Amino acid sequence: MNEALRTALAARRTYYKIGPDSPVADAEVEKLVEFALLNTPSPFNSQSGRVVLLLGDNHRKLWDLILGKLRAGMAAEKFPPTANKIAGFAAGHGSLLFYDDQAAVEKLQRDMPAYRDAFPVYSSQSAGMLQLMVWTLLRDAGIGASLQHYGNLIEAEAAEAWGVPPSWRLLAQMPFGAIQAEPGPKKQTPLPERLKVFR
């Protein structure tokens, strides 16, 4: 196995301590996302994955929007830890919004009705691969990131703010930026509980 690939996959971790700088130009981040979109497998090559790259004021607008929604739904005394967490994401250089185009999924369902119920599952699997690929490519470029899930709070507002088509379903948000602290050791469930081999 390619050792560089193994190293890159192992280095991909959840980075909460990120800063506003980036070790690579924004154009390079865009190229990494383009590479992932072009090379992520999808069911019957449906290519339903979609990404919105937010930089500068747009990145900050995203986390202000999320913060406002969380503040409105929480008791004031419980809000400070949440505000600190969101501030950490907002402190990054940019964010990626991951979407799945339901129009592509629905086309598969129409074209192959025997698999109708399976296509949303297949599409979710493809979305996870896209997120992993982008996350790994960012870390390989020296950028820290994490995967967050606030879409249920902001999907309509995000669609309006960034002109997202109505068929796009918001799956996840990935704040990224300069690595300011490495994550701690990761607890692992023993492999014999996770892998069975029959020879």
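The residues of the range 107-123 that are open to solvent by 60 Å² or more (accessible area, probe 1.4 Å) and of a type in the set (Ser, Thr, Tyr), listed by number, are Tyr115, Tyr122. Suppose we keep only residues that are touching a Lys or Arg at 6+ places or on another chain (Cβ under 9 Å) and assigned to a loop (DSSP other than H, G, I, E, B) within the range 149-187. Which one would you say is modelled with the lowest pLDDT? The residue in question is Lys186. Among the candidates Arg50, Arg6, the residue that is free of Cβ contacts under 8 Å to residues at least 40 places away in the same chain and over 21 Å from Ala181 (Cβ atoms) is uniquely Arg6. Beta carbons closer than 6 Å, at least 6 apart along the sequence or on distinct chains, pair a first residue in the range 55-71 that is under 14 Å from Pro20 (Cβ atoms) with a second that is among the hydroxyl-bearing types (Ser, Thr, Tyr) for His59/Ser95. Criterion first (in contact (Cβ under 8 Å) with a residue 24 or more places away in the chain, open to solvent by less than 30 Å² (accessible area, probe 1.4 Å) and not hydrophobic (A, V, I, L, M, F, W, C)) does Pro183 satisfy it? So Pro183 does not fit the description; no.
Residue count for the range 60-95 under the criterion of being farther than 15 Å from Glu155 by Cα and either more than 20 Å from the chain's Cα centre (by Cα) or not polar (S, T, N, Q) (or both): the result is 24. Here Leu65 clears all of (1) assigned to a helix (DSSP H, G or I); (2) over 18 Å from Tyr150 (Cβ atoms); (3) modelled with pLDDT of 95 or more except the condition numbered (2).
The rows are residues; the columns are (1) touching a Pro at 6+ places or on another chain (Cβ under 7 Å); (2) modelled with pLDDT under 95; (3) not in a loop (DSSP other than H, G, I, E, B).
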residue: Thr14; (1), (2), (3): yes, no, no
residue: Glu28; (1), (2), (3): no, no, yes
residue: Val33; (1), (2), (3): no, no, yes
residue: Pro41; (1), (2), (3): no, no, no
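One residue is enough: does the range 67-82 have a residue meeting the conditions closer than 24 Å to Ile179 by Cβ and open to solvent by 40 Å² or more (accessible area, probe 1.4 Å)? Yes, the conditions are met somewhere in the range 67-82. Evaluation of Asn152 against the conditions (1) open to solvent by 70 Å² or more (accessible area, probe 1.4 Å); (2) under 17 Å from the mean Cα position of the chain (by Cα); (3) in contact (Cβ under 8 Å) with a residue 12 or more places away in the chain shows that the sole unmet condition is (3). Only one of the numbered conditions (1) assigned to a strand (DSSP E or B); (2) open to solvent by 30 Å² or more (accessible area, probe 1.4 Å) is violated by Ser95, and that is (2).
Out of the residues in the range 43-59 meeting the condition of being touching a strand residue (DSSP E or B) at 6+ places or on another chain (Cβ under 9 Å) and assigned to a helix (DSSP H, G or I), tell me which one is most open to solvent (accessible area, probe 1.4 Å). First the steps, then the outcome.
First, pick out the residues of the range 43-59 that are touching a strand residue (DSSP E or B) at 6+ places or on another chain (Cβ under 9 Å): 46-56, 58-59.
This time we only want the ones that are assigned to a helix (DSSP H, G or I), so: 58-59.
Values: Asn58: 67, His59: 0 Å².
For the range 43-59, the residue satisfying everything is Asn58.
Taking the criterion of being open to solvent by less than 50 Å² (accessible area, probe 1.4 Å) and either at positive phi or out of contact with any strand residue (DSSP E or B) (no Cβ under 7 Å at 6 or more places or on another chain) (or both), the residues of the range 30-42 that qualify are Leu32, Ala36.
The values are calculated or read from the model by the stated rules, or taken from the named source; none is laboratory data. Since the model is a prediction, treat every value here as computed from it, not as a measurement. Don't worry about glycine lacking a Cβ; one is built from the backbone with ideal geometry, like all the others, and counts go over all protein chains shown. The area values use the complete protein model at the heavy-atom level, side chains included, leaving out ligands, DNA and RNA. Shrake-Rupley method; radii C 1.70, N 1.55, O 1.52, S 1.80 Å.
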